[in-house]
Amino acid sequence: MVLRELEISGVWAREVLDCRGLPTVQVDVVVNGAFLGRADVPAGRSRGRHEPVELRDGGSRFGGFGVRRAVSSVREILAPALVGTPAVPQRLVDMRLVELDGTPDRSHLGANALLGVSLATARAVAAEAGQPLYRHLNADAHVLPVPQVNLINGGRHASNDLDIQEFIIMPAGVATFADALAVATEVNLVLREILAARYGQAAVNVGDEGGFAPPISEPAEALEQLHRAVDRAGYSSVVGYGLDCAASHFYDPEQQAYVLAGKPRTTQELMSLYEGLARDWGVVSFEDPFHEDDFAAFAELARRIDAQIVGDDLLVTNRERVSRAQELGAANALLFKVNQAGTLSEALGAARQAMQGGWSVVVSERSGETEDPLIADLVVALNAGQIKTGAPVRSERTAKYNRLLQIEEELGPAAVYAGRSYRHPG
């Protein structure tokens with residue numbers, strides 16, 4: 001393939017606000033003096049300890065969450081080094097970013113600075129080619145994803161007593177992505193009525209990702225309310241259920257136990273709980289069921305239940321950790337968060353490693369999102385088949401869903417909804 005002569009002619013960054021009202025980095029990259037790419041960098045509240053370093057300012061401004069240091073990294077170090085250099089291939093641009101940082105955890109310039117430049121460059125090159133990002137990244141992009149829709153929040157994403165972080169519905173048994181989004185929205189409306197009637201109006205306040213945050217502590221009770229909503233909406237035959245356990249956050253290393261609903265549980269007790277939730281409540285996807293370094297427990301659960309076992313904090317979109325997990329049989333799906341990798345190329349490399357091993361890939365947002373719909377293009381570019389981007393009620397979430405509706409329309413007859421082949425308890 002002959003690469004077009006494209007040159008980075010401008011790089012700039014600014015501080016903007018995410019959906020939590022906290023600062024994040026927005027980067028502009030200009031290619032050949034005319035084609036602009038812009039990208040916002042998402043931020044997570046529930047972060048794995050193996051993630052690269054997100055550079056924050058500290059001090060009193062914005063409660064220490066300012067990103068002027070990361071913005072300065074872009075303006076003062078990355079921009080002078082990149083302007084006048086080739087904008088393609090993406091892999092070489094990203095290698096240059098990693099070299100300029102020079103640390104294994106991106107702590108010098110900040111993963112948020114590097115990722116912003118990486119993503120904005122990809123968008124600028126796509127703009128020059130007159131292509132949407134998904135087509136620029138993959139000429140055969142055509143799969144629309146099953147949405148993992150987080151309708152009840154807990155953990156670090158809500159101020160209730162639920163330790164498990166996300167209770168999810170997956171409308172797999174429909175014909176199109178547009179149909180799936182309609183199902184999710186209708187179930188969400190019914191769930192609002194059910195929760196308000198049972199727990200009061202305060203129960204329909206929402207968490208970071210738009211899901212309701214009712215006063216529940218037992219995971220089975222939350223799943224019961226989801227089932228009631230799905231049944232009442234008339235979609236029992238087309239919906240599966242998932243959990244983002246985020247178990248690292250309720251693991252107590254001193255007790256060497258998981259403190260769930262106020263009760264310490266051993267690894268084996270927690271595993272038995274998950275087996276019961278799969279059996280009794282139709283849970284077909286478990287994300288981070290154990291703490292982020294317990295590869296052995298992940299592997300045992302994958303052997304014991306017939307479900308999707310997704311690694312997030314375990315894998316941090318890192319190719320080496322994915323490879324290790326594959327060798328141990330410690331999962332069968334990767335949660336793909338582009339900001340865990342530091343650059344677009346590294347994230348795509350982790351996804352390729354997962355897929356080559358026969359794994360699924362679930363493209364995911366972070367709790368600190370903006371209206372940038374970038375991951376909608378990424379999930380289609382990967383033909384990944386699953387996306388997790390919150391409840392369909394807040395603009396930083398609906399921006400991704402609306403972009404997927406546009407992509408489904410753009411693809412026309414070539415679009416394939418992943419739910420047609422995805423296993424569900426229908």
Output for the range 269-284, where each listed residue is out of contact with any Asp or Glu (no Cβ under 9 Å at 6 or more places or on another chain) and on the phi < 0 side of the Ramachandran plot: Glu269, Leu270, Ser272, Leu273, Tyr274, Glu275, Gly276, Leu277, Arg279, Asp280, Val283
Of all residues making up the range 274-322, the number that are of a type in the set (A, V, I, L, M), closer than 30 Å to Val53 by Cβ and either surrounded by fewer than 21 Cβ atoms within 10 Å (Cβ to Cβ) or at pLDDT below 95 (or both): 3
Any hit, the range 151-161, residues being buried (at least 24 other Cβ atoms within 10 Å of the Cβ), touching a Lys or Arg at 6+ places or on another chain (Cβ under 8 Å) and either of a type in the set (Phe, Trp, Tyr) or closer than 24 Å to Leu405 by Cβ (or both): no
Among the candidates Ser395, Ser367, Ser360, residue that is hydroxyl-bearing (Ser, Thr, Tyr) and under 21 Å from Ala302 (Cα atoms): Ser360
So Leu314, is it outside any strand (DSSP E or B), assigned by TED's automatic domain parsing to the domain that holds Leu226 and under 21 Å from Trp359 (Cα atoms): yes
Considering residues of the range 211-229 that are closer than 15 Å to Gly262 by Cα and small (Gly, Ala, Ser) only, the residue modelled with the lowest pLDDT: Ser217
Of all residues making up the range 11-37, the number that are part of a strand (DSSP E or B), closer than 16 Å to Asn339 by Cα and out of contact with any helix residue (DSSP H, G or I) (no Cβ under 6 Å at 6 or more places or on another chain): 2
Number of positions in the range 38-72 that are in contact (Cβ under 8 Å) with a residue 60 or more places away in the chain, touching a helix residue (DSSP H, G or I) at 6+ places or on another chain (Cβ under 6 Å) and more than 28 Å from Ala129 (Cβ to Cβ): 5
Given (1) without any contact (Cβ under 8 Å) to a residue 12 or more places away in the chain; (2) within 22 Å of Ala126 (Cα to Cα); (3) touching an Asp or Glu at 6+ places or on another chain (Cβ under 7 Å), number of the condition Leu92 does not satisfy: (3)
Matching entry among Phe250, Phe212 (being in contact with a Phe, Trp or Tyr (Cβ under 7 Å, 6 or more places away or on another chain) and either touching a residue at least 12 places away in the same chain (Cβ under 8 Å) or buried (at least 21 other Cβ atoms within 10 Å of the Cβ) (or both)): Phe250
Among (1) touching a Pro at 6+ places or on another chain (Cβ under 9 Å); (2) surrounded by fewer than 23 Cβ atoms within 10 Å (Cβ to Cβ); (3) closer than 21 Å to Val338 by Cα; (4) of a type in the set (A, V, I, L, M), the one test that Val98 misses: (1)
Unique residue being buried (at least 17 other Cβ atoms within 10 Å of the Cβ) and out of contact with any Cys (no Cβ under 7 Å at 6 or more places or on another chain) when the list is Leu36, Leu17, Leu92, Leu6: Leu6
Residues of the range 368-398 classified as crowded, with 24+ Cβ neighbours inside 10 Å, over 19 Å from Val27 (Cα atoms) and within 12 Å of the chain's Cα centre (by Cα), total: 6
Pairs where the first residue, in the range 350-371, is under 16 Å from Ile168 (Cβ atoms) and the second is assigned to a loop (DSSP other than H, G, I, E, B) and among the β-branched types (Val, Ile, Thr), C-beta under 9 Å, 6+ apart: Val363/Thr389; Ser364/Thr389; Glu365/Thr389
Any chance Ala331 is hydrophobic (A, V, I, L, M, F, W, C), modelled with pLDDT of 95 or more, outside any helix (DSSP H, G or I) and closer than 22 Å to Pro289 by Cα: yes
Members of the range 38-84 found to be among the hydrophobic types (A, V, I, L, M, F, W, C), out of contact with any Pro (no Cβ under 7 Å at 6 or more places or on another chain) and assigned to a loop (DSSP other than H, G, I, E, B), listed by number: Val41, Val53, Leu55, Val83
Any hit, the range 217-236, residues being touching a helix residue (DSSP H, G or I) at 6+ places or on another chain (Cβ under 6 Å), in contact (Cβ under 8 Å) with a residue 40 or more places away in the chain and surrounded by fewer than 20 Cβ atoms within 10 Å (Cβ to Cβ): yes
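The values are calculated or read from the model by the stated rules, or taken from the named source; none is laboratory data. Please read these numbers as outputs of a predicted model, since none were measured by experiment. A quick note on method: Cβ atoms are made from the backbone with ideal geometry, for glycine too, and the neighbour counts reach across all protein chains shown.
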